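What follows is calculated from the coordinates using simple rules that are stated; it is not laboratory data. Bear in mind the structure is a predicted one, so any value in this text is a computation, not a measurement. FYI the Cβ positions are ideal-geometry reconstructions off the backbone, even for glycines, and counts take in every protein chain you see.
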Amino acid sequence: MASIASLKSASASATAAATAERRPTLGKGVRLTLFYVLLLVILAIFVTPYLFSAFAAFKPLSAILSQSPARPPGNPTLANFKEIFTTYGFGRYLANTLIVTVILTAGQVTFSMMGAYAFARMDFPGRDGLFWMYLATLMVPNVVTLVPLYVMFSHSGLLNTYWAIFLPYVLGVPQAVFLMRQYFMTIPKEVMEAARLDGCSESRILWRIIVPISRPIIITATLLAFVFGWNNFLWPLIVTNSNHLDVLSVATANFNSNFTVQWNLVLAASLVALVPMVILFSIFQKYIVRSISLTGINR
């Protein structure tokens, strides 16, 4: 009898222990389920407008105005894309955008990298104060500088030229300098000191040592600069008044008028501008994720 009682008590304790272990597991499963449901809701909120725009880009204007935006195109047509490239010369606007964006990105990344290295690993009087003063310009809205910049370009005779579109951004921006400086600060000083002992100049240290180590943050800064240049609208709209200098964003806005909006052409042009950005992000997303951690090499 005693053995039976002990067996019953042992089984009861085992059941209680199993129940106690099951409760935290069940609670964790519920939390994970709610978490993923929330992520799906957020994903739907962000993706739905792009999906509706993609649907509408392949519909005629009559279908866009009469059908629900959530309805996929019954008979997809490429007429909208054909019209914007043949009738409105979107090939020229695409080339303008590509030229300006490539020049802006190359200059911005190069000069931002040089400035970031100086602020991170070169010693000179007032370095930190100058850096924080430069970084404080992030607090100034871009709209505040539009009028002074316009006056400067007007007096220098650069309005309505390619130079006017990219010059204000080609010499570096505080965001890129800050990102790269924070990354360069994680690289051990011993690496640069050893290179200096071997006779390397500062420029050689930057291009031969720092740049290969800092590839993730450089790629991220390049993508950010490229996206900014590709989507820039207000400044090109102000400094150019010739159609042959229009970029994609300005040319797309030109489909809006006081009398009508050609939604089929607007959405087709928007899709043309969107696809290169999606491709770039798909290719380089791993570098963006790696750069967020702001880690250089192991110490």
The chain: most fluctuating residue of 224, 197, 146 per GNM, C-alpha cutoff 10 Å: 197
Three principal axis lengths of the range 152-299 [C-alpha, angstrom, descending]: 68, 40, 19
Candidates 188, 141, 60: whichever shows maximal mean-square fluctuation once the chain is modelled as a Gaussian network with Cα springs under 10 Å: 141
Highest-fluctuation residue, 260, 33, 222 considered, GNM on the chain with Cα pairs under 10 Å: 33
Length-normalised contact order for the range 19-77 - Cα pairs under 8 Å, 6+ apart - percent: 27
Relative contact order (percent, whole number), the range 19-140, Cα cutoff 8 Å, 6+ residue spacing: 13
For the range 19-77, the spread of Cα positions along each principal axis, largest first, Å: 62, 18, 16
Overall form of the range 245-289 per C-alpha gyration tensor (a/c, 1.5; a/b vs b/c): prolate
Within the chain, helix-based [θ] at 222 nm, where runs of 4 or more DSSP H residues each add -39,500 (n - 2.57), nearest 500: -24000 deg cm²/dmol
Selected from 136, 119, 60, residue furthest toward positive end of dipole (the chain; charges at beta carbon): 60
Length-normalised contact order of the chain in % [C-alpha pairs under 8 Å, at least 6 apart]: 27
Cα pair distances exceeding 26 angstrom across the chain, given as percent: 63
Cβ-based exposure ranking for 133, 114, in which fewest neighbours within 10 Å come first: 133, 114
